[in-house]
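Since the structure comes first, as structure tokens, the remarks are kept for the end.
The values are calculated or read from the model by the stated rules, or taken from the named source; none is laboratory data. All figures in this text were calculated on a predicted structure; none of them were measured in a lab. With ideal geometry, Cβ positions are generated from the backbone for all residues, glycine too; neighbour counts draw on all protein chains shown.
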Amino acid sequence: MSKEQKKASFYTQSQKDVLEAVESNIDGLSSQEAKARLDAYGHNELEEGEKRSLVAKFLDQFKDLMIIILLVAAVLSVITSGGEGVTDAIIILTVVVLNAAFGVYQEGQAEAAIEALKNMSSPLARVRRDGHVVEVDSKDLVPGDIVLLEAGDVVPADMRLLETASLKIEEAALTGESVPVEKEADAEVTADAGIGDRLNMAYQNSNVTYGRGLGVVTNTGMYTEVGHIAGMLASADETDTPLKQNLNQLSKVLTYVVIIIAAITFAVGVFLRGEAPLAGLMTAVALAVAAIPEGLPAIVTVVLSLGTQTLAKRNAIVRKLPAVETLGSTEIIASDKTGTLTMNQMTVEKVFYDGSLHEADDPIALELDLPLLRSVVLANDTKIDQEGKLIGDPTETAFIQFALDKGYDVKAYLEAYPRIAEVPFDSERKLMSTIHQLPNGQYLVAVKGAPDQLLKRCTTRDNAGDIAPITQDITDLIAENNSVMAHQALRVLAGAYKIIDELPEDISSETVEQDLIFTGLVGMIDPERPEAAQAVQVAKEAGIRPIMITGDHQDTAEAIAKRLGIIDPNDTEDHVFTGAELDELSDEDFQKVFKQYSVYARVSPEHKVRIVKAWQNEGKVVAMTGDGVNDAPSLKTADIGIGMGITGTEVSKGASDMVLADDNFATIIVAVEEGRKVFSNIQKSIQYLLSANMAEVFTIFFATLFGWDVLEPVHLLWINLVTDTLPAIALGVEPAEPGVMKHKPRGRKSSFFSGGVMGAIIYQGIFQTLLVLGVYGWALLFPEHAGNNHAIHEDALTMAYATLGLIQLVHAFNVKSVYQSIFTVGLFKNKLFNWAIPVAFVLLMATIAIPGFNEFFHVSQLSLTQWGAVIVGSLLMVVLVEIVKAFQRATGQDKKAI
């Protein structure tokens, strides 16, 4: 074997060929050879990627265009204002630094996924070295080592099984399949078999739940299946969230606006009004700074943070802030089956006894001591702990839970029929038998197992106490009901028993499992969650397509998908695609056909990533759920990865943007609704801020053209700090508008300016400008201090300042909806908004009404008439916007924007 480990299909080879390939034998390696291979191959552990320094991570956060614009604005405002812009600059720098610090924290959280994967490895392994069984650290395992496995072990490396004795290995972390896999060393496996179908292999980090085995290590470290996943996880591209893309787009738009405004203002001032170039430059920069909503990054962060708090109360823990908004634009939800759409708990659903098929919830007369129930309860290794929790194989615990649900006192039942001997389960004969002492001195043999195998051992059947020979008609009836349950993707087991007078000397299958009495069939499944079907329906109504991606069998996946409504139960077309079929297609060919499939079964980690990328290539926003190690690469690749909080591995949680505390698909739909609300509220904040900033810029710009001195820098700074920020944050927590889950997803192509927002920003900014200039002009035409030019100017300046501030506070009510009237959206539903507006009003009025403050802000006391003009001018903003909204609704523009 070369120093480079082979990624061969060991599962297709014979044991002899595998041993030759890894240059080993059944007695294991010598210590000397093991050391030489360890030097050649390295330790059996996952490699760490190159870690960047904290400083590098911090500096990366400043590459965002919006951040760069803010930093430039901060510097220019200080330079051109002679120091008066220091306060503005400090605010901007504080926001930028906090935003960068949070970004570094998020990146550190994401790196924890690889670390968690490393920590999953088994600490010790029992191997044959120098002809003896010794315990070694699992990181010292090398290809060719012979490893012994037994129940309770964690498989320490990938290995080809050489011997198995009733060996069962739980591989849910790798495959997503909830039931442990029965391993067979001699099983013949085809080359296209997925991990879950490779019955002669054991994979690193899977758990041995039953029996024992012996295997030869074929791959270690990064060459194992888990190592392959770690490599995919490290190289997976982080997809920019729609929020980040929208903010980048907004940054570009603002950049162009700022440059155009600055250039026009400079040209007008210098070439038309004859200002000095330096003075013109200062005015241009002041307007440019006013055009930038410096509070926007902070407001977006606050809105997202409040959204995370809301989601946390509803069992959705958000690990990365942008994920809140991404949920709202989700178009595809690719969900794992086990534990998310289903209960992750095998449950009895149908039982066949006394010649009839019954639903699991049908009543059973306890006094009859149902033979079928007795068989599956006694031939059972489930343990019941002190808290009443069932511990054991999922199939066997399902039988016990069924008995408990029917009112059986299982503990008393087991005490009344003590087990004195058994024939353990064997994967070849697929049966398990136990022998119990009866009070009359006889013995009861209880048997359960595969129907086809058990029927071969039965000569009679028990029908409500009537014991009669099994005829062909009875055999056909049993086969028919077995088929009915199997076609519903139920896992079917049969029960049988017999009474014997003496214990055989040799307790074996040949002496115990003969001449049995057939009692019936039990059909089990990991059932869908009760609320999952409703959640799938809500998702479809919201324009979201749910698809199932699972490592489970095709028939089981299809049955659950039909029960949930992911696939139409009456649709005869094939909507299930398997991993083996996917392997046969190139990415280009798969891209042509993937849309017709809603269910993917028996898939590998690579398949999941390919499926996610196929949808992303179509421009769709994809959410992916998962709980296993095998889900981590696709969770990281998806636009939003959703991990499972209860059943999920630390690896899958670390790769996720959000974790479900209740592992419930319905919680995803709740999160989508919250995400849509968050985006809508960020839009409202942006609409409010940009329309207000546009009004400030236009007011000064047109006033400059008219030769008016309308607003001073201190006025703009105070309005931006008070009347902009508080209402904008309050708008960020507005209740969701009615019908938010009836609209189609926004998707990746939408922006903060879509849905009529851009038009609203423009016309509302113009309205504010006209009203402020109108009040200012009215103050000049109808002065209170005729003949005193200084007083006239001071009053007009004060009225313009008060009008602009009040208009923005009143306008905040308009922004509650782009098209709906403020009288129908609920004026006072938002408690924070109800506080923000009065507080901002008091802070604004304090600068005018309180002596000392008005001198600092260069404003005067106004008369009642002047206040009347200010109030009328402010309230006209509501009237004008209501008129425009009414026209838009009448012409159907509100419906076109959805």
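Annotations for the structure displayed:
- When residues of the range 857-888 are limited to those that are exposed (fewer than 14 other Cβ atoms within 10 Å of the Cβ) and within 42 Å of the chain's Cα centre (by Cα), the one farthest from residue 844 (Cα to Cα): 887
- Filtered residue count, the range 171-230, keeping only those that are touching a residue at least 24 places away in the same chain (Cβ under 8 Å), among the β-branched types (Val, Ile, Thr) and not in a loop (DSSP other than H, G, I, E, B): 9
- Every pair of residues 6+ apart whose Cβ atoms lie under 9 Å, when the first sits in the range 337-366 and is on the phi > 0 side of the Ramachandran plot while the second is charged (D, E, K, R) and crowded, with 20+ Cβ neighbours inside 10 Å: 339/526; 339/627; 339/663; 344/526; 344/627; 344/663; 354/462; 355/461
- Flag if residue 846 is at pLDDT 85 or above and surrounded by 17 or more Cβ atoms within 10 Å (Cβ to Cβ): no
- Residues of the range 417-435 that are buried (at least 21 other Cβ atoms within 10 Å of the Cβ) and farther than 18 Å from residue 393 by Cα: 435 alone.
- When each of 399, 352 is tested for being assigned by TED's automatic domain parsing to the domain that holds residue 477 and either within 27 Å of residue 530 (Cα to Cα) or assigned to a helix (DSSP H, G or I) (or both), the lone residue that passes is 399.
- Any pair with Cβ under 8 angstrom, 6 or more apart, that starts in the range 849-870 at a residue that is under 15 Å from residue 797 (Cα atoms) and ends at one that is part of a loop (DSSP other than H, G, I, E, B) and among the aliphatic types (A, V, I, L, M): 870/862
- Residues satisfying the stated conditions in the range 391-410, i.e. closer than 14 Å to residue 525 by Cα and of a type in the set (Gly, Ala, Ser): 398
- The set of residues from the range 177-192 being at pLDDT below 85 and of a type in the set (Gly, Ala, Ser) comprises just one member, 178.
- The criterion of being among the polar types (S, T, N, Q), part of a helix (DSSP H, G or I) and touching a Pro at 6+ places or on another chain (Cβ under 8 Å) does not hold for residue 764.
- Given (1) within 25 Å of residue 777 (Cβ to Cβ); (2) assigned to a helix (DSSP H, G or I), number of the condition residue 682 does not satisfy: (1)
- Qualifying positions in the range 436-458 - surrounded by fewer than 20 Cβ atoms within 10 Å (Cβ to Cβ) and touching a Lys or Arg at 6+ places or on another chain (Cβ under 6 Å): 450, 453
- Out of 486, 532, 479, sole residue that is on the phi < 0 side of the Ramachandran plot and in contact with a helix residue (DSSP H, G or I) (Cβ under 7 Å, 6 or more places away or on another chain): 532
- Sole residue being within 31 Å of the chain's Cα centre (by Cα), in a helix (DSSP H, G or I), farther than 22 Å from residue 631 by Cβ and at pLDDT 70 or above, chosen from 308, 326, 265, 255: 308
- Within the range 632-644, the set of residues being part of a helix (DSSP H, G or I) and of a type outside the set (A, V, I, L, M) comprises 633, 634, 636, 637.
- Residue selected from the range 692-704 under the condition of a type in the set (Gly, Ala, Ser) and buried (at least 24 other Cβ atoms within 10 Å of the Cβ), by the criterion nearest to residue 323 (Cα to Cα): 692
- Restricting the range 487-517 to residues that are modelled with pLDDT under 90 and closer than 30 Å to residue 557 by Cα leaves a set whose member that is surrounded by the fewest Cβ atoms within 10 Å (Cβ to Cβ) is 487.
- Of the strands (runs of 3 or more DSSP E) lying entirely inside the range 543-631, the ones with 3 or more residues being touching a residue at least 40 places away in the same chain (Cβ under 8 Å) are found at 545-549, 599-601, 622-626.
- Some residue of the range 391-401 being without any contact (Cβ under 8 Å) to a residue 40 or more places away in the chain, acidic (Asp, Glu) and farther than 20 Å from residue 517 by Cβ: yes
- If the condition is being in a strand (DSSP E or B), over 12 Å from residue 514 (Cβ atoms), in contact (Cβ under 8 Å) with a residue 60 or more places away in the chain and not basic (Lys, Arg), then the range 416-461 contributes 420, 421, 422, 424, 425, 426, 435, 443, 444, 446.
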